[in-house]
């Protein structure tokens, strides 16, 4: 028990220091609250509306997926280190866990739980066929920027035809 005495003393000193710091902060710090000090701060922008009370459920689903990835790695690591000890039972346990996790991940991706951007509308096949038709060439698909309002006498090289003559 004597070998743990330095550890117990150090822990007692750490707890005492933390407690005394909080007490000293309460007693010695000036207490002048104001609306500006109590307002939420985000890049110097004053919020124009109240924040929503609830996060969307998809946020929690994505958070749970990240936790599941961590659990899977924690579960696989001991097997990788002590493969001979856990043997075939450990292999099948990890395989079943990984398959179940993979299927839930595929379900979540197929459900659209990881798509945070705006909704994507699918194009019709007719629009796609018109985009790759043989009637289109470089003059109909490439927009010439900066030519609006220029004199027709200016050639593609930038020289005026009257000056060249």
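Observations on the model:
- Look at segment 99-115: where a residue is closer than 13 Å to residue 62 by Cα and a partner is outside any helix (DSSP H, G or I), sitting 6+ places away or on another chain with Cβ atoms under 8 Å, you get 108/114.
- Within segment 11-28, not a single residue is out of contact with any strand residue (DSSP E or B) (no Cβ under 6 Å at 6 or more places or on another chain), under 30 Å from residue 115 (Cβ atoms), at pLDDT 90 or above and surrounded by 10 or more Cβ atoms within 10 Å (Cβ to Cβ).
- Taken over segment 13-40, the residue count meeting the criterion of being in a loop (DSSP other than H, G, I, E, B) and under 37 Å from the mean Cα position of the chain (by Cα) is 4.
- Test: residue in segment 53-64 that is modelled with pLDDT of 60 or more, more than 30 Å from residue 39 (Cβ to Cβ) and loosely packed, with under 10 Cβ neighbours inside 10 Å: no
The values are calculated or read from the model by the stated rules, or taken from the named source; none is laboratory data. Please read all numbers here as calculations on a predicted model, not as lab measurements. All Cβ positions, glycine included, derive from the backbone under ideal geometry; neighbour counts span all protein chains shown.
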